[in-house]
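The structure appears below as structure tokens.
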Amino acid sequence: MTDRTGTADRAGANGAAATRILLPDTAQDRDEQRLRLLREEIGKLVRDLPGTLTAVTGRVGEAQLEVVWTTDAAAPPAAPGAPAEPAPPAEQEPATGRAVTAPLVGTFYRAPEPGARPFVEVGDRVVAGQTIGIVEAMKLMNHVASEWDGVVAEVLAEDAMAVEYGQTLLRIEPDET
């Protein structure tokens with residue numbers, strides 16, 4: 001039996017024990033409950049994430065949650081007795097050129113649309129301000145531009161690859177001027 005408060009009474013087999021179950025009355029009650037649960041989860045994430053929180057987005061309709069944070073440059077100290085990280089192999093060449101990095105967390109696209117020619121390829125000449133790719137975040141397309149005139153020396157991010165804030169997408173050898 002349901003009363004006006006949205007609760008149901010259920011009697012046990014012998015009629016002695018009763019259980020009260022809270023039932024949401026309306027869609028608004030259900031949305032408020034979802035919002036409360038979403039707030040709790042966001043609170044847990046904010047407390048547990050390493051680094052600095054830069055953005056939080058929560059949505060109840062279609063239940064969306066996005067948390068953006070940056071990690072501190074300094075790595076956490078190693079546990080006592082833990083082995084030190086190995087040094088990089090000496091035979092690796094140092095990276096050359098200037099890095100074009102992702103301006104935000106999202107999905108990197110090398111071309112303006114599927115099947116189209118990429119914005120740039122290795123060996124292409126670029127000018128400062130030229131679009132070299134797109135990072136999609138929350139259904140928004142954010143153009144990524146070169147800061148320098150030069151030649152594309154290396155493309156490090158694949159098409160439709162998830163990228164982090166500050167991740168190197170490609171390298172440009174600047175013009176000698």
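Structure values in brief
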read-out	value
Probe 1.4 Å, all protein chains present, accessible-area order of Ile132, Ile42, largest first	Ile42, Ile132
Within region 103-177: Cβ-based charge dipole about Cα centre, in debye rounded to nearest 20 (Lys, Arg +1; Asp, Glu -1)	280
Exposure of Thr101 as accessible area (Å², to 10), given a probe of 1.4 Å and all protein chains	60
Ranked packing of 155-163, 30-38, most packed first, by mean Cβ within 10 Å	155-163, 30-38
Residue-level accessible surface for Glu41, protein heavy atoms, 1.4 Å, Å²	90
Residue-normalised accessible area of region 116-166, given per residue in Å² at a 1.4 Å probe	58
Sparse-neighbourhood loop sites, trypsin sites (Lys or Arg not before Pro) in region 94-155 - DSSP loop, at most 12 other Cβ within 10 angstrom	Lys139
Geometric extent, Cα atoms of region 105-177 - Rg, Dmax (angstrom)	11.9, 39
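The values are calculated or read from the model by the stated rules, or taken from the named source; none is laboratory data. Everything numeric here is computed off the predicted structure, so don't read it as measured data. As a convention, Cβ positions derive from the backbone with ideal geometry for all residues, glycine included, and neighbour counts pool all protein chains shown. For accessibility, only protein heavy atoms count, side chains too; no ligands or nucleic acids. Shrake-Rupley method; radii C 1.70, N 1.55, O 1.52, S 1.80 Å.
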